[in-house]
Amino acid sequence: MKISYNWLKEYLDIQVSPKDLAEKIERSSVEVDSVTQPSDGLKKLVVGKIESLRDHPDSDHLKICSVDVGEEELSEIVCGAPNVEAGHKVIVALPGSRIGGNVKIKRSKMRGVTSNGMICALDEIGFGKDVIPKEWSDGIYFLPDDAKIGEPVFSYLGMDDHLIDVDVTPNRGDMLSVYGVARDLGAIYAQKPKLNHPSVEEVSSLAADKVKLDVNADLAPIYKMRIVENVKIQPSPLWLQIKLWNAGVRPINNVVDVTNYILLKYGQPLHAFDFNKVSGNTIYARQAYEGEKLTTLDEEERELDAKDIVIADSDKAIALAGVMGGLNSEIDDRTTTVAIESAVFMPTMIRKTAQRHNLHTSASQHFERGVDRGGVDEAVDAAAQMMHELADGDILKGIVTGSSYDVKDEVVQVTLSRVNHVLGTHLKSDQVSAIFKQLGFGVTLDGDTYTVTVPSTRWDIHIAADLLEEVARIYGYDNLPATLPTGPTTLGKLTEKQILIRDSRRLFEALGLNQAISYALTTEEKAGQFMMRKSAETQLSWPMTNDHTTLRMNLISGLLDDVAYNNARYVKDVALYEQGRVFYKDSADEVRPSEHEHIAGAISGQLVVDPLQNAKRNAVNFYQLKGIVEQYLQNLAIEGDIEFVATDRYPEMHPGRTADISIHGHNVGFIGQVHPSVAEAYKINETYVFELNLDALLEMPKKMNQYQPISKYPAITRDVALLVDKNVTNAQILAQINKKGGAYLKSVHLFDVYQGKNLPNGKQSLAYTLTYQNPNATLTDEEVTKAFDKVQNSLVSELGAEIR
Amino acid sequence: MTLRDQLEKIRQEREQNIKDVGDLKKLDALRVELLGKKGPITQALRSMRDLPAEERPQFGQFANRVRDELQTTIERRRDELKQAMLNKELQEEKIDVTLPGKPVAQGQPHVIQQIIDQIEDLFIGMGYQVLTGPEVEEDKYNFEMMNLPKDHPARDMQDTFYITKEILMRTQTSPMQARTLEKHDFSQGPLKMISPGVVYRRDTDDPTHSHQFHQVEGIVIDKHITMADLKGTLQLVAHELFGDRFDIRLRPSYFPFTEPSVEADITCFNCGGKGCAVCKYTGWIEVLGAGMVHPNVLKMAGVDPEVFGGFAFGLGPDRFAMLKYGVDDIRNFYLNDVRFLTQFSKKG
Ligand SMILES: [Zn+2]
């Protein structure tokens, strides 16, 4: 809401600049979005008087005006406005001036005639089209007759005011009015704001004789009305129009403007309607009927239901309560009898109605945040009195009440020690009393206890904590000391699991992978790819975009999106890992998925980019990624054998280049090449990936570090080269060697793999080094030879190997 | 010529010969020739028996000295030659030290992870536990127990991804306040906890909005925790994360789960507090929300607000990273462009 600095000055003695005032508001009350002046960016716009005008010789609509702009000679200005007329004072943009939209005005020729500037309409000097009064929407604006020729126009249009745009939090609905802001500033500056209260000049006939109210108090706990007769509809005085347009409200006429003005001033939405347009003399506030139709003032026909509150006469709805009036009872130029409704509607119902009809009006926003329930009468009184003064109306005697209740001040207690205990201050009792008084609260002190009486203008305050906030903000957060919590010592440390997760991240980084953080919400298709287990999917009930509808059940798809993003930008070498959650559901009717920590990686191109190497030859392959995963698993020191078992069970993976990873028989993840057709769909180059169930790894027993004595006795090695069928795997050979290796076989290492030329078709050659060692004695050659022969023989007999 | 004179002559001539030798092989040959069994020194010593007995010891001494001197000269020459050879070799081995080093594999933590780790370490040092909660949360914990009943207007402030009416993607890490408060045994001491994690909002992704981002929730509940403690704690966060020249200020704000509620601003990164376009000429930038835990939140979690109280805060690592490194588009954090990821060395 834009609050006028000049308007505030009517109630407070403000000695600081608008900017400083805004800063004070921000530091003590609510956030300030901006401080602006309507004249910002405008210059050399002056009052001119059209002394005479004549037709342009070469145009049927342009006029050449002789305008007095306060200089020795009259200026000739060409003007095409339909309402241009001699004798009026107008807004003149002089040559060299700047008008709205940062447009510079120069002396220029218009169809051969020199124009010394421009006569302006309001929208040309920065007025929003939605605030310009209808009568001025299609032509130049006429300034008041007493405007001084040659002077800047700004002061005549309120454009020299400063507007403080406050961003009011939901609890501070009271700050959505000039009075509310004035009261808060009064508290901050320890001033009593000079707020005026209306006295109503009524005629003798009773309003209650004119109108009856039938109100459902569950919908409208307070509902009141005044009737003003014999009003003369006309434009409002300029001072009122200025207040409205500076607040972003379009001036309409002296009755509607009054209601809008009262809303700005008091924060109480009013609804004025033409009483002669309603049937009968009873006004109802009731639930709408299912399917009931109402055309609101914005000329939209709306279909209502029982969750909407309507104001109605005996046969039709005439307003959508608290949101917008109905067109059928609109105030127009012929209106003479005005009904002014001042009410409180249920905030949640108004909020929902506004949402349902997508109709967020100033009134609905106020009702949603609550209004001062004690101010309903004053608002309708002030409105009626203004209609008397501005529209010559006769105010019928009395306020007619449809519903009401005794609005009581809230009484809240708090102790001084509580204040200091929670704020960490050493405030004295009179300091705290003074703050409550500045806020306009009643206060009595009994011993240590304050009994604070909070007026209805601050309906957000109910409990002691609310009072603590008031004390803190008025005392000033800058004045609070800065300390650290004291008290019993607590142990701060990461849990075992957290440490392992951190370690996992460090390890993959040390192994060359960059940490990625991808989106957990993805497409339904991607969410269900690369699945390590069966799971139903979890979908958003109302997603924002098609790209993010379903919770991921794998991390790889997100990483592939990342690879695609990079590949599309000609970044070919991508090495990423991600640690995060996947979301599984055992069955579709399970509502809430279980969350599991996974860690996954994807490498495309080269892991280590070496410009001196051939990029293609240096590109990642299965074994490089496997080395990374093996190194990681080794670092985790998990107890149990780690196996890589060829698998074709992942439809998104290369069927011949993928392995399940199992530890001690438990599947913990997989590794391999992304299926070329999947890669194509993702628009990525050849990519290798792995995904591990981190939760499972973290829970597995870890090897205890125990010292292994280093043998004093020498080790003896034997090499063996085998020619075997291509489908015989390294794992098979290793298993066979280990099985028959004997007591002293310490380790086996593969040192050569060869497939290709010079070998018989379908064969491959593998070569191993076997290391023998006896921890307790020196092995003899004979012992080793004997053991080695046994291994060789078994390889021949069991795997059909040919020893080379 | 006496034997002695002969020897002296040999010494002089040969010494020069040795110095003139240009390679090790020739030097070795010369050594054999000179000092070998058939060499002149040995010959001279053999001829010694022709001398009168009283001269022999003196001559013997002299001959030995000559031999030693020649030996020394040879050795010195050998060292010289060796050194020269080595120098030549080293000269030939010269490399271009300006050629690039061999690249090694080295990945980096994500910049947001770096910030989160830093926050964790800071709070662990102050005795806080680190707890993580579910990303798919119940309405009860995300809203209701945070003092946001179903019809609360503040629910409009944050648009929520619902899965069902009661299950949603958490919009904040605050539900961990309720979850830990419910469980904490205050007889075992105060609750001091931070909870980092991913949160989700129903937002359209643009430079300043992301439907997924991070938060670090913090809460301290004990018998004597003050708003001044909150201020001091947040000041420490600013100093540790950004540097000593950064200060914070508190402003009133509103969160349903704290009362009083504050917004904390930090000294503008761009101008250092002087005022610039980034901070809208205020010198301050809004970075986090905090406050004293609302009595209703404590009550709903079964904690007596008359006895216990404390503060809570929510830090935004994404926002911190954007401010600290001048990142102007939050989407960068989730697109994982390698050229972006690798810019943030650990001790930036
Ligand atoms: Zn700045």
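For the range A:716-803, a Kirkwood radius taken over Cα pairs fed into Stokes-Einstein (37 °C, viscosity 0.692 mPa s) yields D = 246 µm²/s.
Pairs spanning more than 18 Å between alpha-carbon atoms, out of A:224/A:397; B:140/B:165; A:212/A:232; A:352/B:299; A:43/A:134: A:212/A:232; A:352/B:299; A:43/A:134.
Cross-chain or 8 or more residues apart, Cα under 24 Å: how many lysine pairs in the range A:602-724 fit that? Count them up, please. Walk me through the intermediate numbers first.
Working: A:616/A:626; A:616/A:683; A:626/A:683; A:626/A:702; A:626/A:703.
Summing the qualifying lysine pairs gives 5.
Too long at a 32 Å Cα-Cα cut-off: which of A:437/B:223; A:19/A:148; A:9/B:324? Pairs exceeding 32 Å: A:9/B:324. About the centre of its Cα atoms, the range B:195-322 shows a dipole size close to 260 debye [charges on the beta carbon of Lys, Arg (+1) and Asp, Glu (-1) only; nearest 20 debye]. Distance between the C-alpha centres of the range B:134-165 and the range A:265-327: 33 Å, rounded to the whole angstrom.
When only alpha carbons are used to place a centre, the range B:200-271 and the range A:361-433 end up 32 Å from one another.
For the range B:123-173, which trypsin sites (Lys or Arg not before Pro) are in a loop by DSSP, counting at most 13 other Cβ atoms within 10 Å? Numbers along the way, then the final one.
Values: sites: B:140, B:150, B:155, B:165, B:170; in loops: B:150, B:165, B:170.
Within the range B:123-173, the qualifying trypsin sites (Lys or Arg not before Pro) (loop, at most 13 other Cβ atoms within 10 Å) are B:150, B:165.
Computed about the Cα centre, the dipole magnitude for chain B is approximately 2080 debye when only Lys and Arg (+1) and Asp and Glu (-1) carry charge, each at its Cβ.
What is the list of residues in the range A:395-439 whose amide nitrogen lies under 19 Å from a point 7 angstrom out from the Cα of residue B:299, following Cα to Cβ? Answer for this model: A:410-415, A:418-419, A:422.
With the charge dipole of the protein assembly as shown set up from +1 on Lys and Arg Cβ and -1 on Asp and Glu Cβ about the Cα centre, the Cα lying farthest toward the positive end among the listed residues A:772, A:35, A:623 is that of A:772. Summed over both chains, the area buried between A and B is near 7600 Å², taken from the accessible surface of protein heavy atoms with a 1.4 Å probe.
Using only the C-alpha atoms, the convex hull of the range A:410-479 corresponds to 74 Å³ per residue. When the alpha carbon gyration tensor of the protein assembly as shown is reduced to an equivalent ellipsoid, the three semi-axes, largest first, read 86, 41, 33 Å. Loop-located trypsin sites (Lys or Arg not before Pro) in the range A:437-523 (DSSP state not H, G, I, E or B) with no more than 16 neighbouring Cβ atoms inside 10 Å: A:493. Accessible surface for the protein assembly as shown, divided over its residues, is 46 Å² per residue with a 1.4 Å probe. For chain B, with all protein chains in place and a probe radius of 1.4 Å, 49% of the accessible heavy-atom surface sits on carbon or sulfur. Under the convention that each Lys and Arg Cβ holds +1 and each Asp and Glu Cβ holds -1, the size of the dipole of chain A around its Cα centre is about 3140 debye. Taking Cα pairs under 8 Å and at least six residues apart, what relative contact order does chain A come out at, in percent? The normalised contact order for chain A reaches 8 percent.
Would you tally the net charge around residue B:107, using a Cβ to Cβ cut-off of less than 10 Å, leaving residue B:107 out, and scoring K and R as +1, D and E as -1?
Details: positive: A:505, A:506; negative: A:509.
In short, +1.
Applied to the range A:298-308, the Karplus parametrisation 6.51 cos²θ - 1.76 cosθ + 1.60 on θ = phi - 60° returns per-residue 3J(HN,Hα) values of 7, 6, 9, 7, 10, 9, 9, 9, 5, 7, 8 Hz, with x for Gly and Pro.
Of the solvent-accessible surface of the range A:202-403, computed with a 1.4 Å probe over protein heavy atoms with every protein chain present, carbon and sulfur atoms account for 45 percent. Just tell me the longest site-free run in chain A, where the sites are chymotrypsin sites (Phe, Trp or Tyr not before Pro) in a DSSP loop having at most 12 other beta-carbon atoms within 10 Å. Looking at chain A, A:1-404 is the longest stretch - no exposed chymotrypsin sites (Phe, Trp or Tyr not before Pro) with at most 12 other Cβ atoms within 10 Å. Simple rule: put +1 on each Lys or Arg Cβ and -1 on each Asp or Glu Cβ in the range B:1-158, find the dipole, and look at B:7, B:73, B:127; the Cα lying farthest toward the positive end is B:7.
In a DSSP loop and with at most 11 other Cβ atoms within 10 Å, the trypsin sites (Lys or Arg not before Pro) in the range A:752-789 are A:757. Once you reduce the range A:73-120 and the range A:138-207 to the center of their Cα atoms, the two points are 32 Å from each other. Which of the three applies to the range A:664-769, rounded, prolate or oblate, going by the alpha-carbon gyration tensor with a ≥ b ≥ c and a/c under 1.5 meaning rounded? Oblate is the answer for the range A:664-769, as a/c is 1.5 or above yet b/c matches or exceeds a/b. Simple rule: put +1 on each Lys or Arg Cβ and -1 on each Asp or Glu Cβ in chain A, find the dipole, and look at A:311, A:634, A:117; the Cα lying farthest toward the positive end is A:634.
As a fraction of the 1.4 Å probe accessible area of the range A:716-803, surface on carbon and sulfur atoms comes out at 48 percent. Kirkwood hydrodynamic radius of the range B:3-92, from the reciprocal of the average inverse Cα-Cα distance over all distinct pairs: 14.2 Å. Treating each Cα of the range A:149-299 as one equal point scatterer and applying the Debye formula with no solvent, the log10 of I(q)/I(0) at q = 0.14, 0.16 Å⁻¹ comes out as -1.00, -1.23.
The values are calculated or read from the model by the stated rules, or taken from the named source; none is laboratory data. This structure is a prediction, so every number in the text was calculated from the model and none was measured. A quick note on method: Cβ atoms are made from the backbone with ideal geometry, for glycine too, and the neighbour counts reach across all protein chains shown. Protein only, heavy atoms only, side chains kept; ligands, DNA and RNA dropped before computing areas. Shrake-Rupley method; radii C 1.70, N 1.55, O 1.52, S 1.80 Å.
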